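The values are calculated or read from the model by the stated rules, or taken from the named source; none is laboratory data. Quick caveat, the model's predicted, so the values are computed rather than measured. A quick note on method: Cβ atoms are made from the backbone with ideal geometry, for glycine too, and the neighbour counts reach across all protein chains shown. What goes into the accessible areas is simple: the full protein's heavy atoms, side chains included, and nothing from ligands, DNA or RNA. Shrake-Rupley method; radii C 1.70, N 1.55, O 1.52, S 1.80 Å.
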Amino acid sequence: NDAENLLLHKPTFWLGTQSGFVAIHSAVQQSDTLLSRVRLKDSILEIRYVARHNVVMVGCADSSVAIFSKHKDRSLGWNMDNYKLVMLGKAMTPLPVSVITPVKENIWIGYGGNIAVLSLPNIHIKENHMFAEGDRALVTHMVSLGSGVWIACRFSSVLTLLDSNTMQPLQQVNMEEVLKPVSVSYGFTTLIRVSAVLCYNNLLWIGTSQGAMVTIP
């Protein structure tokens with residue numbers, strides 16, 4: 001209705017469900033009011049707003065990425081009916097889309113152990129790079145800093161820096177080696193894994209499964 005369309009034009013927050021629904025709620029009115037929703041083919045694993053192109057990208061467990069934009073009449077807000085769908089993997093062996101990160105003018109997308117580089121607004125896959133091998137490989141963290149992109153995989157203690165232009169590896173940081181000098185004093189008894197990565201104020205912030213946080217300039 002008109003009231004919901006008006007709210008869709010204002011700030012919203014998006015929720016994804018295991019059953020494949022993408023739901024939009026108002027960020028300025030009662031948050032329990034559902035403004036719009038659409039159902040995709042598989043579980044929603046990642047939602048990313050890309051300010052440069054004013055789109056919302058939704059990654060699913062079946063290797064697909066849905067790209068939502070606004071109506072030509074901006075007063076109508078988000079167009080949930082006419083979204084673009086990009087398939088990254090093979091239909092017979094789908095790989096989950098786990099992370100979506102804007103890198104300069106492109107979008108890097110992690111699915112399984114692979115990284116796809118997508119250009120917008122023409123929606124063209126420029127690169128498809130295997131980052132980690134194995135059936136259980138999954139790129140879980142990807143952050144852009146300067147001319148590089150820091151990447152970590154599930155169950156891994158290693159962060160790898162890739163060149164944002166060539167995708168060639170530039171540097172690696174092993175958190176087990178970084179924290180080894182304090183492992184005994186802090187009582188680290190299990191394997192250290194990268195659990196969170198953030199770039200802020202020209203620092204790389206790394207969280208680990210042991211609860212230790214490290215900053216790297």
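In table form, for the structure just shown:
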| item | result |
| --- | --- |
| Only one of Pro94, Pro121 that is open to solvent by 60 Å² or more (accessible area, probe 1.4 Å), at pLDDT below 95 and closer than 27 Å to Ala51 by Cβ | Pro121 |
| Residue check for Asp163: charged (D, E, K, R) and either touching a Ser or Thr at 6+ places or on another chain (Cβ under 9 Å) or at pLDDT 90 or above (or both) | yes |
| Filter result for the condition that a residue is farther than 27 Å from Arg52 by Cβ, in contact with a strand residue (DSSP E or B) (Cβ under 8 Å, 6 or more places away or on another chain) and in contact (Cβ under 8 Å) with a residue 24 or more places away in the chain, over Val173, Val103 | Val173 |
| Out of Ser144, Ser156, Ser183, sole residue that is in a loop (DSSP other than H, G, I, E, B) and of a type in the set (Gly, Ala, Ser) | Ser156 |
| Residue check, Leu145 under 16 Å from the mean Cα position of the chain (by Cα) and farther than 18 Å from Glu46 by Cβ | yes |
| Residue within segment 189-201 that is touching a residue at least 12 places away in the same chain (Cβ under 8 Å), exposed (fewer than 12 other Cβ atoms within 10 Å of the Cβ), among the polar types (S, T, N, Q) and out of contact with any Phe, Trp or Tyr (no Cβ under 7 Å at 6 or more places or on another chain) present | yes |
| Pair list, Cβ < 9 Å and 6+ apart or interchain, from segment 44-55 residues that are under 23 Å from Gly20 (Cα atoms) to residues that are surrounded by 15 or more Cβ atoms within 10 Å (Cβ to Cβ) and among the polar types (S, T, N, Q) | Leu45/Ser98; Glu46/Ser98; Arg48/Thr101; Asn54/Ser69; Val55/Ser69 |
| Glu133 being assigned to a strand (DSSP E or B), acidic (Asp, Glu) and either out of contact with any helix residue (DSSP H, G or I) (no Cβ under 6 Å at 6 or more places or on another chain) or touching a residue at least 40 places away in the same chain (Cβ under 8 Å) (or both) | no |
| Set Val149, Val143, Val139: member being touching a residue at least 60 places away in the same chain (Cβ under 8 Å), open to solvent by less than 30 Å² (accessible area, probe 1.4 Å) and within 28 Å of Val65 (Cβ to Cβ) | Val143 |
| Tally of residues being over 20 Å from Ser195 (Cα atoms) and touching a residue at least 24 places away in the same chain (Cβ under 8 Å) across segment 107-130 | 11 |
